[in-house]
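A short worksheet on the structure shown next.
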Amino acid sequence: MAEIQKQYITPETKKKLEEELNALIAHRPVVAAEINERREEGDLKENAGYDAAREMQDQEEARIKQISEILANSTTERAGLEEGVAHVGSVVHVYYNGDQNQKETFLIGTRAAASDNKDLETYSEHAPLGAAILGAREGDTREYTAPNGTVISVTIVSAEPYNSDKAATLRSS
């Protein structure tokens, strides 16, 4: 059986997910008490309060499952990430179609990997751009087809492993 490759998430994202998971788990007794209270009101077929409490429970349990799966299948480890090469977990600086004035900086990874830095976009390694540049080295130019059918060339200016401290500096400046 093939080993499942873990997805990279930033340390900030991991912490935020763990906090949300703990809060949801701690909230379980409150939701259970609400369900019991509403159940005691009588006929469950026409009890909107009971239905709402059950719906809340279902939504929270689904989110607990989702977060648990993300955490189980992710890592904050960047072992093997090479400076100067675009990998999942790399912050990549690029320009498009040979125009060095058309620059962009982004993190390669899933939305779950997204950092708290609102100025740092995250592109999936499965999206056309992300897939095209994986493994590219500084100075390499790759092409990909955008969803609208346009072929775009992208040149890697630099690629570096995501650094929480550096991202925090970018946020505060």
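Full extension of the chain between Lys16 and Glu55 gives 11.6 nm of extra length, using 0.36 nm per residue less the Cα-Cα distance.
What the pair-distance distribution of region 8-75 shows, using all Cα-Cα distances binned every 10 Å from zero, is 20, 39, 23, 14, 4 percent.
As a calculated quantity, the FRET efficiency between Ala33 and Ala127 at R0 = 45 Å, using C-beta atoms, amounts to about 0.55.
Here the label points at Asp140 and Asp99, each 7 Å from Cα along the C-beta direction, are separated by 2.5 nm in the simple model.
Counting lysine pairs in region 1-80 that sit 8 or more residues apart in sequence, or on different chains, and whose Cα atoms lie under 30 Å apart gives 8.
Could you tell me the calculated FRET efficiency between Lys118 and Asp43, based on Cβ-Cβ distance and R0 = 41 angstrom, to the nearest 0.05?
Computed FRET efficiency for Lys118 and Asp43: 0.25.
Take the convex hull of the alpha carbons in region 38-160; its mean projected area over all directions comes to 11.5 nm².
Full extension of the chain between Leu71 and Asn148 gives 24.3 nm of extra length, using 0.36 nm per residue less the Cα-Cα distance.
Quick note: the coordinates plus some simple rules give every number you see, no bench work behind them. Here the structure is a predicted model, which means the values were calculated and not measured. All Cβ positions, glycine included, derive from the backbone under ideal geometry; neighbour counts span all protein chains shown.
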